[in-house]
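Structure first, then comments.
Nothing in this text is a laboratory measurement; each read-out follows from the coordinates by a stated rule. All values derive from a computational prediction rather than experimental measurement. Here Cβ is always computed from backbone atoms with ideal geometry, including for glycine, and neighbour counts include all displayed protein chains.
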Amino acid sequence: MYPLVAILFIASVLSASGQIHRTTATLGYTATFLVNSPATRLIFTTAEQDTGSLYVTGSRFVGAQSGISFRYTQALDQAERWFLPVGIEAIFFRGKQRLENALYIGRGQVLADMFTATAGLHYRYADLPLAQAFLYAGIEPRISLVTGPQIVYTVSEKANNQVIAEFSFDTTLKPTVVRLGGALRLGAQGVLEDKLLINVNVAWGIFNLVGRDSRTTHPQRRGNLLTPTRIFETKEPLEQFIQFSLWLQYPL
């Protein structure tokens, strides 16, 4: 409910100027939140009370994961109700955690990047009276290149901060894969000035509708898409997300 209220509020105060533009180029920020994902859970647990040995499960991708988006949008009809958006998106997943016991401090990080090509169809379903602003809804197929999550872990002694090499590592246990997904998007577009537009939107989608690894016991199975290990993981489940985006658009 709150994202929709924010969209309506921002769109209602945009300044009126000119007409709806048939073609625009877009660049902006996208915040991605994973929904009910094992990748948001704790990543590191010490296996023994007084050693730096490690037990790894999720990725701790908690909260907003930052990304950037570039898009080209073209009106498809004379009434400028239907639009074709085509674009690329990069999401940089980062999870961190610190562990501490009587003798050691462990600092860990999981890193994964996702590069996505999108295309879709948007419909302008309502014009706002105070501005050259409108509300739109759309559907967007996605194809994503997902890197294998990288685990970086460093253990140091509390007494002297000396790094212990045998407990520290930097590794990637899962391969880079391609997945097909999709998203539903709701947003508002309006005019800031003659040659600058603003677009505020929210989307819900799934990264891996098609192409999931269905193997359950194979040693090289994927398990979860965005976790670094296969511990307790069988076949790859759906990876859902919610995105909030703020984009600037330039008429072409």
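Taking R0 as 45 Å, what FRET efficiency do you get between Leu84 and Gln150 from their Cβ-Cβ distance, rounded to the nearest 0.05?
On the way: r = 36 Å, r/R0 = 0.79.
Between Leu84 and Gln150 the formula returns 0.80.
Enter the angle in degrees (range 0 to 90, nearest 10) between the Cα long axis of helix 2-12 and the first principal axis of the Cα atoms of the chain, meaning the one along which they spread out most.
30
Using a simple charge model, +1 on the beta-carbon of Lys and Arg, -1 on the beta-carbon of Asp and Glu, nothing else, what dipole does the chain show about its Cα centre, in debye to the nearest 20? Working shown, then result.
Working: 22 positive and 18 negative charges, 78 e Å.
Using Cβ point charges on Lys, Arg, Asp and Glu, the chain gives about 380 debye.
Can you run phi through the Karplus equation (6.51, -1.76, 1.60; θ = phi - 60°) for segment 83-98 and list ³J(HN,Hα) in whole Hz, with x for Gly and Pro?
Per-residue couplings from phi come out as 10, 10, x, 10, x, 10, 9, 10, 10, 10, 7, 9, x, 10, 7, 10 Hz.
Which of Ser144, Ser214, Ser69 ends up with the largest GNM mean-square fluctuation for the chain, with Cα atoms connected below 10 Å?
Ser214
Given the C-alpha centroids of segment 72-104 and segment 148-199, what is the distance between them in whole angstrom?
Each part's Cα centre sits 11 Å from the other's.
Which FRET efficiency, nearest 0.05, do Leu209 and Arg22 yield, Cβ-Cβ r, R0 45 Å? Spell out each step's value before the answer.
Values: r = 31 Å, r/R0 = 0.69.
Efficiency for this residue pair is about 0.90.
Ratio of alpha-carbon Rg to the 2.2 N^0.38 Å globular estimate for segment 68-167, to two decimals, please.
Relative to the rule-of-thumb radius for its length, segment 68-167 sits at 1.86.
For the chain, calculate the relative contact order in percent as a whole number, restricting contacts to Cα pairs under 8 Å that are 6 or more residues apart.
Over the chain, the number comes to 22 percent.
Using the Cα atoms of the chain to build a convex hull, what is its mean projected area in square nanometres?
15.9
So what is log10(I(q)/I(0)) for segment 148-191 at q = 0.26 1/Å, when the Debye sum runs over its Cα atoms only?
Those come out to -0.95, one per q.
Looking only at Tyr136, Tyr29, Tyr55, which one moves most when the chain is put into a Gaussian network model with springs between Cα atoms under 10 Å?
Tyr55
For segment 133-252, report the translational diffusion coefficient in µm²/s to the nearest whole number, using Stokes-Einstein at 20 °C, 1.002 mPa s, and a Kirkwood Rh over Cα pairs.
It comes out at roughly 120 µm²/s.
Of the residues Pro38, Pro141, Pro175, which exhibits the maximal mean-square fluctuation in a Gaussian network model of the chain defined by a 10 Å Cα contact cut-off?
Top of the fluctuation ranking is Pro175.
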